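The values are calculated or read from the model by the stated rules, or taken from the named source; none is laboratory data. Remember, predicted model here, so these are calculated numbers, not experimental data. Positions of Cβ are generated from backbone atoms using ideal geometry, with glycine treated the same way; all protein chains shown enter the neighbour counts.
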Amino acid sequence: MNKSAIKKTLQRRAGGAEFITQNGVREAMGWGKDRTRNLLRGLDFIPSGTSKQYMIDEVAAKIFAEVERSWAQ
């Protein structure tokens, strides 16, 4: 899975938007809450009511980096 494919998956889940919530990432990637929360830790976000909006480009880059790291092991 490359960064472009990850980004498309996230954008599809976000309805074509440039930002996505933690729940959106969790549902798009099929992950649990802990894994998603750990991945998003440290990323910049925009507060939106009770949720946080993360830039899809940054999220995709971090997911791809994690995937690459796991391949290297």
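Just a few scattered comments:
- Here Lys33 does not fit the description of being touching a residue at least 24 places away in the same chain (Cβ under 8 Å), surrounded by 10 or more Cβ atoms within 10 Å (Cβ to Cβ) and over 17 Å from Gln11 (Cβ atoms).
- Scanning the range 36-53 finds one or more residues that are in contact with an Asp or Glu (Cβ under 7 Å, 6 or more places away or on another chain) and not acidic (Asp, Glu).
- Test for Ala28: is it within 12 Å of the chain's Cα centre (by Cα) and either loosely packed, with under 14 Cβ neighbours inside 10 Å or modelled with pLDDT under 95 (or both): no
- Within the option set Lys62, Lys7, being modelled with pLDDT of 95 or more and either assigned to a strand (DSSP E or B) or touching a Leu at 6+ places or on another chain (Cβ under 9 Å) (or both) holds for one residue only, Lys62.
- Check on Val67, modelled with pLDDT under 95, out of contact with any Ser or Thr (no Cβ under 9 Å at 6 or more places or on another chain), closer than 15 Å to Asn2 by Cα and β-branched (Val, Ile, Thr): yes
- Any pair with Cβ under 7 angstrom, 6 or more apart, that starts in the range 37-57 at a residue that is more than 11 Å from Phe19 (Cβ to Cβ) and ends at one that is modelled with pLDDT under 95: Leu39/Glu66
- Scanning the range 45-56 for residues that are touching a helix residue (DSSP H, G or I) at 6+ places or on another chain (Cβ under 7 Å) and either surrounded by fewer than 13 Cβ atoms within 10 Å (Cβ to Cβ) or closer than 24 Å to Asn2 by Cβ (or both) turns up Tyr54, Ile56.
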